[in-house]
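The values are calculated or read from the model by the stated rules, or taken from the named source; none is laboratory data. Keep in mind the model is a prediction, meaning the values are calculated, not measured. Here the Cβ positions follow ideal geometry from the backbone for every residue, glycine too, while neighbour counts run over all protein chains shown.
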Ligand SMILES: [Mg+2]
């Protein structure tokens with residue numbers, strides 16, 4: 001294939017047909033006459049650069065983790081920016097061992113969260129930040145979510161960013177919510193005046209988001225009315241074998257499914273940057289690779305093959 005066409009916007013590099021058919025067969029086996037719901041399937045998606053566009057109008061789109069939030073206090077915005085300047089190069093340094101890097105990321109995220117509290121972040125500032133941001137979803141994300149909602153297939157969006165900000169982005173940019181979509185990210189607690197007072201639960205940073213799948217999947221299945229198994233069987237659903245469709249734009253995103261006991265996984269990688277340098281490793285690591293802000297139509301097509309209607 002000539003290089004120019006290989007690196008086009010919508011390139012789908014390969015499709016593992018045998019794995020797709022195994023996944024599909026397993027889907028059909030799970031259907032019973034009384035239920036057409038696909039409770040044994042999960043979609044796990046990264047947010048930044050996966051559901052959202054990497055470039056907007058030719059420039060790098062704003063990241064949900066760093067850059068989007070203006071907390072209405074210039075001093076604190078500057079302090080968070082200074083942390084970014086210090087820690088961001090460390091995040092990508094090939095010289096720092098993983099254990100040490102994990103500690104550094106915890107340090108960075110904790111300090112950032114403390115600054116958001118100290119600087120008096122309000123929910124109104126979040127709304128304002130999202131409304132003036134350049135963040136945009138890939139084409140076809142709404143249609144993909146609608147399809148998965150209709151099939152009652154849970155979608156876990158994993159992010160090291162802020163759940164409340166992501167939810168606001170979904171509200172403002174997609175103009176709707178989906179009952180099958182759950183955000184697995186850092187969750188804020190606001191007081192009655194809408195001012196941030198603390199964070200809930202365990203800190204999720206770039207290097208530990210895979211540790212949360214098991215904890216986070218169960219409540220979503222409860223929410224969808226999924227039978228979680230016999231009483232007393234904690235997290236029975238997520239302990240059972242499942243099929244996973246995973247979407248990510250980073251090699252580390254492949255680990256998002258580590259906490260799930262999956263039988264089959266189809267991984268879709270979005271390669272947004274350094275395409276020529278990273279192409280080979282992405283092709284090896286992911287089952288299917290899309291390049292350069294490709295829309296979600298191909299993923300929707302794959303999802304409709306993996307999760308067909310009962311009659312098909
Ligand atoms: Mg990402």
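Residues that are within 16 Å of the ligand (Cβ to nearest atom) and either modelled with pLDDT under 90 or surrounded by fewer than 16 Cβ atoms within 10 Å (Cβ to Cβ) (or both) number at least 1 in the following helices (runs of 4 or more DSSP H) confined to the range 1-111: 74-91. Number of residues in the range 240-253 that are more than 10 Å from the ligand (Cβ to nearest atom), out of contact with any helix residue (DSSP H, G or I) (no Cβ under 6 Å at 6 or more places or on another chain) and modelled with pLDDT of 90 or more: the value is 1. Can you name the residue in the range 118-150 that is surrounded by fewer than 20 Cβ atoms within 10 Å (Cβ to Cβ) and assigned to a loop (DSSP other than H, G, I, E, B) and is also farthest from the ligand (Cβ to nearest atom) among such residues? Going through the qualifying residues, I end up with 120.
Screening the range 255-264 for residues that are within 16 Å of the ligand (Cβ to nearest atom) and touching a strand residue (DSSP E or B) at 6+ places or on another chain (Cβ under 6 Å) and picking the one that is farthest from residue 206 (Cα to Cα) gives 257. For residue 115, indicate whether it is surrounded by 14 or more Cβ atoms within 10 Å (Cβ to Cβ) and farther than 24 Å from residue 250 by Cβ. Yes.
Among the residues of the range 279-290, is there at least one that is within 19 Å of residue 40 (Cα to Cα), at pLDDT 90 or above and either part of a strand (DSSP E or B) or more than 16 Å from the ligand (Cβ to nearest atom) (or both)? Lay out the reasoning, then the answer.
Pass one, the range 279-290, residues within 19 Å of residue 40 (Cα to Cα): none.
Checked against the condition, which is being within 19 Å of residue 40 (Cα to Cα), at pLDDT 90 or above and either part of a strand (DSSP E or B) or more than 16 Å from the ligand (Cβ to nearest atom) (or both), the range 279-290 yields no hits at all.
Please count how many residues of the range 151-162 are more than 13 Å from residue 48 (Cβ to Cβ) and crowded, with 22+ Cβ neighbours inside 10 Å.
Applying the first criterion (more than 13 Å from residue 48 (Cβ to Cβ)) to the range 151-162 yields 151-156.
In the following step, the residues that additionally are crowded, with 22+ Cβ neighbours inside 10 Å were identified as 153-154, 156.
Count: 3.
Within the range 264-278, the only residue that satisfies the criterion of being over 17 Å from residue 247 (Cα atoms) and not in a helix (DSSP H, G or I) is 274.
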